[in-house]
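Below is one structure, written out as structure tokens; the observations come after it.
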């Protein structure tokens with residue numbers, strides 16, 4: 001079994017894809033002709049978006065993201081966290097935590113996307129040396 005994709009439920013799939021392209025330099029995989037589903041190219045695991053409207057027609061009632069009480073986050077790794085943070089905020093992301101160095105050697109910051117989902121931007125984790 002493989003982890004294929006994560007789907008975020010959003011009001012406007014096309015706007016969400018465009019935001020992630022601008023804010024995080026992601027590449028669009030596709031947007032379905034209905035406008036109700038789209039994916040970004042993010043490696044082996046896809047970041048996908050489905051419209052709330054489509055989910056409702058499938059009998060689901062998606063909740064709204066709550067950045068003040070998140071239940072998960074998306075994390076993007078980069079060598080230049082400050083530049084990525086600056087780009088994201090300039091593209092409309094809302095700052096949650098400015099860039100900082102963590103005690104474990106990683107640099108992190110947090111923003112929310114245009115839908116309110118929490119996004120971490122981080123440097124590669126410093127794994128402990130085998131001892």
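Please treat every number below as a calculation from the coordinates, not as lab data. The shown structure was predicted, so the numbers you read here are calculated from the model rather than taken from an experiment.
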**Asked** Once Rh for segment 5-71 is found with the Kirkwood sum over Cα pairs, what is the Stokes-Einstein diffusion coefficient at 25 °C and 0.890 mPa s, in µm²/s?
**Response** 198
**Prompt:** Nearest 10 degrees, 0 to 90: what angle lies between the long axis of helix 81-90 and the longest principal axis of the chain (Cα atoms)?
**Reply:** 40
**Item:** Distribution of pairwise C-alpha distances over the chain, 10 Å bins, in %
**Value:** 12, 39, 34, 12, 3, 0
**Asked** Rounded to the nearest 5, what % of the DSSP beta bridges within the chain are antiparallel ones?
**Response** 65
**Fill in**
Per-residue ellipticity at 222 nm attributable to helices in the chain (runs of n ≥ 4 DSSP H, -39500 (n - 2.57) apiece, nearest 500 deg cm²/dmol) works out to -6000 deg cm²/dmol
